[in-house]
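Here, each number is a calculation from the coordinates, and none is a lab measurement. Bear in mind the structure is a predicted one, so any value in this text is a computation, not a measurement. Here Cβ is always computed from backbone atoms with ideal geometry, including for glycine, and neighbour counts include all displayed protein chains.
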Amino acid sequence: MKCLWAIVKAVLRPVRDAWRRWCAAKVFRYDARRFFSVSGYGRPQAREQQLANVILHYHVIEKGLTMPNRRDVFGREALKELLGSINQYVTCFGLDDTQVTHAIGVVKTYVERNANQPGDPILDEAKDFLGNYPDVPSVEEPHLTREAFYRGCEGPFPEFARARHTLRHYAPKELTIERLRSAVELCRTTPTACNRQYCRVYCVSDKETIEKILEIQHGNRGFGHLASKLLVLVSDLEGIASPLERDDGFTNGGLFLMNLCYALYYHKIAHCILNWSRTPEEDLAARRLIPIKPSETIVAVLTCGETPDEVEMCASPRRPLEDIFKVI
Ligand SMILES: Cc1cc2nc3c(=O)[nH]c(=O)nc-3n(C[C@H](O)[C@H](O)[C@H](O)COP(=O)(O)O)c2cc1C
């Protein structure tokens, strides 16, 4: 009887596997169809895509304005792209969004900060552009002492949450593993689906490895090299049991990431999340550098360091509440 059951199971296994693959393919096809039909990929004219384009480009300039050791008239190409994206948005939709007003303010700040470079063609172009928006004020990028930056640390949650910010300035001293351990320990409080706790944090201290990973990442120019440690946050797919949970690695990873930022801020560790929107080849290259399991998916990496005595940070204004809270 046992033997017969083993034969039945052996015969049914390929059928069961084929069924599983079909179920998984169905949900992935659904995702792919939705992605192609409604995302901004391939729909550059969509309003949200145009707005995202403006935000992305102003963020590059805004970041540059706060960078340690920034050059005069940095990011000419990025500024050109920003002017183009604002012009295109305003032509299509008018000046109807606070993010676009902020983008114009960033251009104004850039021009003011480079007032000592007269005759530069990109600055002339930016000045002509600003002539259309005489009433838009320039943007104040907060410049704070270390003490002021961490003032919200011990405050009640609304104060704490509003005070936390990304820092791209790191002091030239070693951040100890012990300090990072205390921050990651706090992240054990992160809620997870069915308490399955998929996330792991790998801490990279070897300078050469940090440099190589940052080279693959791209989005850390001007500050990544100053980081003392790099954290690599991963989600383990091995705990995921169904194609319906295909995004769980990222939803759980995202919660962990936010908690990690709060924990790092609480421990007064300067940090910046870096996206892991990498090609398969780049992802594989990073896997050769760090001993993560094949089943672990990189959610994001973070540059970390001790905080210098003074810091500059991006204003990074948020969308108004009425844009994001919809009562239906
Ligand atoms: C998923 C994610 C990816 C990010 N990637 C980068 C990055 O590659 N480079 C960078 O300088 N900042 C990156 N950031 C930091 C954001 O620019 C920053 O969080 C945002 O502007 C809001 O500013 P705040 O953190 O000070 O509130 C990333 C943030 C998140 C949440």
P(r), alpha carbons of the stretch 93-205 - 10 Å bins starting at zero, rounded %: 10, 24, 25, 21, 16, 4, 0
Estimated Rh, the chain: Kirkwood, alpha-carbon pairs, angstrom: 22.8
Segments 138-144, 322-328, 241-247 sorted - mean Cβ within 10 Å per residue, highest first: 138-144, 241-247, 322-328
Evaluated over the stretch 47-141, the Cα radius of gyration and Dmax, each in Å: 12.4, 37
At R0 = 25 Å, FRET efficiency that the Cβ-Cβ distance of THR176 and THR209 yields, to 0.05: 0.90
Dipole magnitude (debye, nearest 20) for the chain, charges at Cβ of Lys, Arg, Asp, Glu: 1860
Taking the chain and dividing mean pair separation by its residue count, relative contact order in percent (alpha carbons under 8 Å, at least six apart): 21
Kyte-Doolittle mean at least -0.5 and Cα axial length at least 30 Å: DSSP H helices in the chain: 2-38
Listed residue (ASN114, TYR30, VAL301) projecting farthest to the positive dipole end of the chain, Cβ model: TYR30
Spatial separation of Cα centroids for the stretch 1-31 and the stretch 62-102, in angstrom: 53
Charged-residue dipole, Cβ positions (Lys, Arg, Asp, Glu), the stretch 81-186 about Cα centre, Debye nearest 20: 500
Overall dimensions of the stretch 144-312 by Cα: Rg and Dmax, Å: 16.0, 49
Per-peptide average of other Cβ atoms within 10 Å, ordering 208-215, 52-59 highest first: 52-59, 208-215
Residue-averaged [θ]222 nm for the chain, counting only DSSP H segments that reach four residues, each worth -39500 (n - 2.57): -16500 deg cm²/dmol
Anchor LYS173: lysines whose Cα lies under 17 Å away (excluding residues fewer than 8 positions away in-chain): LYS207, LYS229, LYS268
Segments 275-283, 292-300 sorted - mean Cβ within 10 Å per residue, highest first: 292-300, 275-283
